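Participant: This is the structure I want to talk about, given as structure tokens.
Read-outs: derived from the displayed coordinates by stated rules, not from any lab. Owing to the predicted nature of the structure, the values given are computational and were not obtained by experimental measurement. Cβ placement follows ideal geometry from the backbone for every residue including glycine, while neighbour counts extend to all protein chains displayed.
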Amino acid sequence: MKRYIMLLVGIGIVFLLSFPAFLEAQDTVVPAPVGFRPDAPTYALHGPYWIGTRTFVGEDVDGPLAIRVWYPALNPAGVESDITYVMHWKAESLGFTRDQTLVNIAGHALTDAEVDMSAAPYPLVMFSHGHNSESVLYAWLAEHIASYGFVVVAPDHKEENQPPDWADYPRTTLARPVTVSRSIDYAEMLAAPTGALAGMIDMEHIALVGHSGGGETALTVGGARFNMAGYAALCAPITEDSPWGYYNVCTPIPADTEAKMLTILGLDTAPEGLWDPLNDSRIDAIVPISAGAAIFNDQGLAEITLPTLVMGGTLDGAVPFDWGSRMIYDHITSTEKILVAFELGDHNMFTSTYEDAPTTVEMFGKDFYYLYSDPVWDMNRVHDLANHFIMAFLLDQLKGDAEAAAALAPDAVSFPGITYEVQGF
């Protein structure tokens with residue numbers, strides 16, 4: 001018995017002596033560096049930070065604005081970070097109620113987690129989602145960016161899906177850039193000494209990423225100017241019998257779009273040549289993904305001088321590649337620019353996967369499967385590659401990471417199905 005008691009005492013002493021080391025180990029639990037697939041390239045692997053997320057309410061041009069934030073977070077025990085986001089598909093005009101358009105999106109973040117201030121302040125990445133969706137449709141990307149030591153701020157834009165002529169396009173085209181600028185203001189308030197994320201955001205280093213309509217917003221905020229005469233000329237030969245993507249880009253017809261935009265701006269006549277810019281000078285770099293460029297055309301795009309990473313699929317059925325990613329890369333005047341073309345890729349390859357968002361199809365029917373799939377590409381491969389390029393670009397531009405910049409050099413990029421063009425790297 002005495003020997004047994006001595007053994008217990010010995011074990012207790014060993015435990016007490018090792019407890020501080022145990023606590024220290026708990027403080028250094030880090031997320032696993034994995035991608036969506038085993039063949040994920042370097043910057044597609046999860047970054048060194050856990051991810052927290054919170055939702056705030058700011059003020060937009062027409063009332064309250066939901067703003068989702070992703071950020072480096074503390075998770076000393078390494079608890080599971082699975083989360084289910086709820087997204088509103090803006091589809092009431094198709095005959096659905098709002099309750100019927102709420103769907104689930106699976107993600108990997110900690111709700112309202114304590115912020116990780118170990119390397120703060122972190123550069124700011126604004127995100128602008130595609131039309132009729134919300135920011136959480138792109139949680140896979142926002143989470144990944146935050147895992148590398150960035151704060152991602154994503155306003156949920158307001159627009160209405162109004163087929164067949166999408167009457168809301170002129171209004172939202174003008175409203176979205178203002179919403180982004182107001183959200184940057186809100187981020188600055190969050191980072192202030194009395195803010196909810198005090199000291200966490202580096203407001204001197206800001207990038208803007210956007211997909212589809214959000215990509216067009218990124219171009220506008222990044223310096224592109226509306227060229228309505230060029231837009232009208234581009235669309236003049238397009239009819240209902242034209243390939244759907246071109247018809248989609250030219251709907252509503254440019255004349256109607258211009259008239260409604262002038263009314264919103266309170267102008268009697270259209271400006272001659274390029275319209276006044278709606279850019280925000282605080283933006284340092286932009287990433288337009290599957291973005292339309294027809295409303296800017298070549299002259300309006302030439303106003304962009306910021307470092308730019310352009311990304312899109314060459315068989316984009318919603319925004320034809322030659323009127324989108326190709327046109328953007330060819331005509332912006334940035335000294336640092338990249339084009340990542342996914343050969344045979346379609347428009348929605350950059351949204352959530354069906355596995356992460358099955359409820360849309362369950363609620364609306366199998367015709368909506370295309371929102372989360374691609375006819376050719378494995379979506380997880382798309383997301384890994386997109387994460388790799390975007391992360392390397394942001395690390396280079398906002399953190400001056402030389403190794404990340406080297407990963408963007410022409411001789412460092414060789415992925416099947418990717419056509420890569422670059423200047424300045």
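Participant: Please give every one of the lysines within straight-line cross-link reach of Lys158, meaning a C-alpha to C-alpha distance under 22 Å, and leave out same-chain neighbours fewer than 8 residues apart.
Facilitator: Those lysines meeting the cut-off are Lys90, Lys260.
Participant: Going by average Cβ density within 10 Å per residue, which order do the peptides 230-236, 173-179, 50-56 take, highest to lowest? Intermediate results must be reported in sequence, preceding the final value.
Facilitator: Values: 230-236: 18.0, 173-179: 20.6, 50-56: 22.4.
Going by the mean number of other Cβ atoms within 10 Å, highest first, we get 50-56, 173-179, 230-236.
Participant: Order of 219-225, 75-81 by packing, highest average Cβ count within 10 Å first? Please list the in-between numbers first.
Facilitator: On the way: 219-225: 27.7, 75-81: 13.0.
Averaged packing, sorted descending, gives the order 219-225, 75-81.
Participant: Say R0 is 25 Å: what FRET efficiency, to the nearest 0.05, do Glu343 and Val34 get from their beta-carbon distance?
Facilitator: Values: r = 26 Å, r/R0 = 1.05.
Approximately 0.45, to the nearest 0.05.
Participant: What does the helix-only formula give at 222 nm for the chain: each DSSP H stretch with n ≥ 4 adding -39500 (n - 2.57), the total divided by the residues, and the result rounded to the nearest 500 deg cm²/dmol?
Facilitator: On the way: 12 runs with 136 residues, N = 425.
Theoretical 222 nm ellipticity from helices: -10000 deg cm²/dmol.
Participant: If each residue of separation counts as 0.36 nm, what is the full-extension length gain between Lys399 and Ser118 once their alpha-carbon separation is subtracted? Don't jump to the answer; show the numbers that get you there.
Facilitator: Details: separation 281, 0.36 × 281 = 101.16 nm, distance 1.56 nm.
Computed gain between Lys399 and Ser118 is 99.6 nm.
Participant: Something else about it: Sorted from fewest to most neighbouring beta carbons within 10 Å, what does the list Ile145, Ile83 look like? Don't skip to the answer; put the middle values down first.
Facilitator: Details: Ile145 25, Ile83 17.
Ordered by Cβ neighbours within 10 Å, fewest first: Ile83, Ile145.
Participant: Let me ask another. Starting from the amide H of His205, placed 1.01 Å from N in the peptide plane, find each other amide H under 5 Å away whose residue is 5 or more places distant or on another chain.
Facilitator: Distant-sequence amide H within range of His205: Leu124.
Participant: Among 386-397, 368-379, 257-268, what's the highest-first ranking by average C-beta atoms within 10 angstrom per residue? Let's see the in-between values first.
Facilitator: On the way: 386-397: 24.2, 368-379: 16.8, 257-268: 14.5.
The packing order, highest mean first, is 386-397, 368-379, 257-268.
Participant: Another question about this same structure. For the stretch 270-275, in order, what is each residue's ³J(HN,Hα) by Karplus, 6.51 cos²θ - 1.76 cosθ + 1.60 with θ = phi - 60°, in whole Hz (x at glycine and Pro)?
Facilitator: Listing the rounded values in order: 6, x, 6, x, 6, 6 Hz.
Participant: Assign unit charges at the C-beta atoms only (+1 for Lys and Arg, -1 for Asp and Glu), then state the dipole size of the stretch 21-144 relative to its Cα centre in Debye, rounded to the nearest 20. The partial results should precede the final answer.
Facilitator: Values: 5 positive and 15 negative charges, 60 e Å.
That gives the stretch 21-144 a dipole magnitude of about 280 debye.
Participant: Okay, moving on. Roughly speaking, what is the stretch gain from Thr333 to Asp165, that is 0.36 nm per residue apart minus the C-alpha to C-alpha distance, in nm to one decimal?
Facilitator: On the way: separation 168, 0.36 × 168 = 60.48 nm, distance 3.29 nm.
Net length gain for the segment: 57.2 nm.
Participant: Grab the Cα-Cα distance for Asp99 and Asp298, subtract it from 0.36 nm times how many residues apart they are, and report the gain in nm with one decimal. Before the final figure, lay out the partial values.
Facilitator: Details: separation 199, 0.36 × 199 = 71.64 nm, distance 4.23 nm.
Taking Asp99 through Asp298 to full extension adds about 67.4 nm, to one decimal.
Participant: Determine the dipole magnitude for the stretch 331-370: charges of +1 sit on the beta-carbon of Lys and Arg, -1 on that of Asp and Glu, nothing else is charged, the reference point is the Cα centre, and the result goes in debye to the nearest 20. Don't skip to the answer; put the middle values down first.
Facilitator: Details: 2 positive and 7 negative charges, 31 e Å.
In debye, rounded to 20, the stretch 331-370 gives about 140.
Participant: Taking the Cα centre of the stretch 31-423 as origin, work out the dipole magnitude from +1 charges on Lys and Arg Cβ and -1 charges on Asp and Glu Cβ, in debye rounded to 20.
Facilitator: Details: 17 positive and 52 negative charges, 53 e Å.
Taking the Cα centre of the stretch 31-423 as origin, the dipole is about 260 debye.
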